[in-house]
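The values are calculated or read from the model by the stated rules, or taken from the named source; none is laboratory data. Please read all numbers here as calculations on a predicted model, not as lab measurements. Heads up, the Cβs are rebuilt from the backbone with ideal geometry, glycines too, and the neighbour counts pull from every protein chain shown.
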Amino acid sequence: MARGRVMTEPAKTDNLTVPSGQAVTFLGVVMNAPGPDGLTARFRFLAPAIAREGGSVDFDTAAADMLDLCQNYALPRIASSGPQPSQIVISLSDREVPFGEADPDATQFFEAYRIEDGTCIWEAF
């Protein structure tokens, strides 16, 4: 089972604005879970338009959305006191998948970013 504390926010985060214009909804964040370089904050979003069948958003388009979500959604929600994550992971999924579980029918995109001078810097997995 995946470790970490799963937190969610009220439904006010429905229909987030991203560069592609696709509908994106915040599902939750997993904090205090170790990553390859230390503490990692994993922000999870529902993005039905990335679906393999019937979807209209490809990975390259979604990558720009993930960077935007890191910079404009995740970074402002990282507490300025206490342990700081060394990395933010943004994930998009075409359906809700419980954290740490596999769903071979789901389309999921993930990107990792380090935080440098208040900016999300893309890191290859």
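Is it fair to say Asp37 is of a type in the set (Asp, Glu), at pLDDT 65 or above and over 11 Å from Pro85 (Cα atoms)?
Numbers: of a type in the set (Asp, Glu): yes; at pLDDT 65 or above: yes; over 11 Å from Pro85 (Cα atoms): no.
The answer is no for Asp37.
If you scan region 25-63, which residues turn out to be among the aromatic types (Phe, Trp, Tyr) and assigned to a strand (DSSP E or B)? Break it down stepwise before answering.
First, pick out the residues of region 25-63 that are among the aromatic types (Phe, Trp, Tyr): 26, 43, 45, 59.
Answer for region 25-63, where residues must be among the aromatic types (Phe, Trp, Tyr) and assigned to a strand (DSSP E or B): Phe26, Phe43, Phe45.
Can you tell me how many residues in region 81-97 are closer than 20 Å to Asp65 by Cα and at pLDDT below 85? It would help to see each step written out before you state the result.
In the first step, residues of region 81-97 are kept if they are closer than 20 Å to Asp65 by Cα; the result is 87-97.
Right, trim to at pLDDT below 85 and you get none.
So the count comes out to 0.
I'd like the full set of residues that are touching a residue at least 40 places away in the same chain (Cβ under 8 Å), of a type in the set (A, V, I, L, M, F, W, C) and crowded, with 18+ Cβ neighbours inside 10 Å, limited to region 32-45.
If the condition is that a residue be touching a residue at least 40 places away in the same chain (Cβ under 8 Å), of a type in the set (A, V, I, L, M, F, W, C) and crowded, with 18+ Cβ neighbours inside 10 Å, then Ala41, Phe43, Phe45 are the ones that fit.
Restricting attention to region 39-55, which residues are more than 14 Å from Pro19 (Cβ to Cβ) and among the small types (Gly, Ala, Ser)?
Ala41, Ala51, Gly54, Gly55 - these are the residues of region 39-55 that are more than 14 Å from Pro19 (Cβ to Cβ) and among the small types (Gly, Ala, Ser).
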